[in-house]
1. Taking a cut-off of 30 Å between Cα atoms, list the lysines near Lys57, but don't count ones fewer than 8 places away on the same chain.
2. Please give the helix 111-127 orientation as an angle from the longest Cα principal axis of the chain, in degrees from 0 to 90, rounded to the nearest 10.
3. Once you place label points 7 Å from the Cα toward the Cβ at Ile44 and Asn73, how far apart are they in nm?
4. How far, in degrees from 0 to 90, does helix 40-60 lean away from the longest principal axis of the Cα atoms of the chain, to the nearest 10?
5. Counting just the Cα atoms, what span does segment 34-172 cover along each of its three principal axes? Round to the nearest Å and put the largest first.
6. Report the extension gain between Asn130 and Arg80 in nm, rounded to one decimal, defined as 0.36 nm multiplied by the number of residues separating them, less their alpha carbon distance.
7. Taking the 0 to 90 degree range and rounding to the nearest ten, how far is the long axis of helix 131-151 tilted relative to the main principal axis of the chain, both from C-alpha atoms?
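What follows draws every value from the coordinates through simple rules; no lab data is involved. Just so you know, these numbers come straight off a predicted model, no measurement behind them. Cβ atoms come from the backbone with ideal geometry, glycine included; neighbour counts cover every protein chain shown.
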Amino acid sequence: MNLARKEPMLHSLLQSLDTIHPFPRAEAHCDIPCKIYDPSTALIAALSVVRLMDIMKEKSEGDAMASLATRNNLARCVVRKEEEAEKVKHEVRIIWGDYFKTPQFEAFPDASSVVHKIMLLGGACKQGVNRADGEALVDAVNQFAEMFWATKGIKTTRKTCPYPPSLEVVYPVL
């Protein structure tokens, strides 16, 4: 008898019970309920990456690094910057993987290359402190957001966000 192929006893018991009295089935095609995807979380995270880079630069100038409090603040900024960059990647991956289907890819054949660019820039922002990488990340997420909203038939506008780092961000026109 091949034990590697034998089902666990609990699984067998549940299958037997299901045959006698079928269990209700739960099915879903999305990680979250349909129609509530929104790239704004990724945009805010991308802006946070740039802002954290700015704070790190400000804190590391001059003799400030001698202070234990400054070094602690810098360490916390590094951790948050990496978390926010990963959040960008996660949020975009979810929308790209769960929401974008054939109709969206037909409308935007370069969607996968934009997502790949976001993944690379997110990694670069986690690894370094180059503000230009952070700005490029915001730009790429803006491009993704414009594609996303266009698939919903919603126009967008670009406005400078009202807080540091004061970069241009895509907003849906509702």
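1. Excluding near neighbours in sequence, the set is Lys81, Lys87, Lys89, Lys117, Lys126, Lys159.
2. 60 degrees
3. 2.4 nm
4. 40 degrees
5. 56, 26, 24 Å, listed from the longest principal axis down.
6. 16.5 nm
7. Approximately 50 degrees, to the nearest ten.
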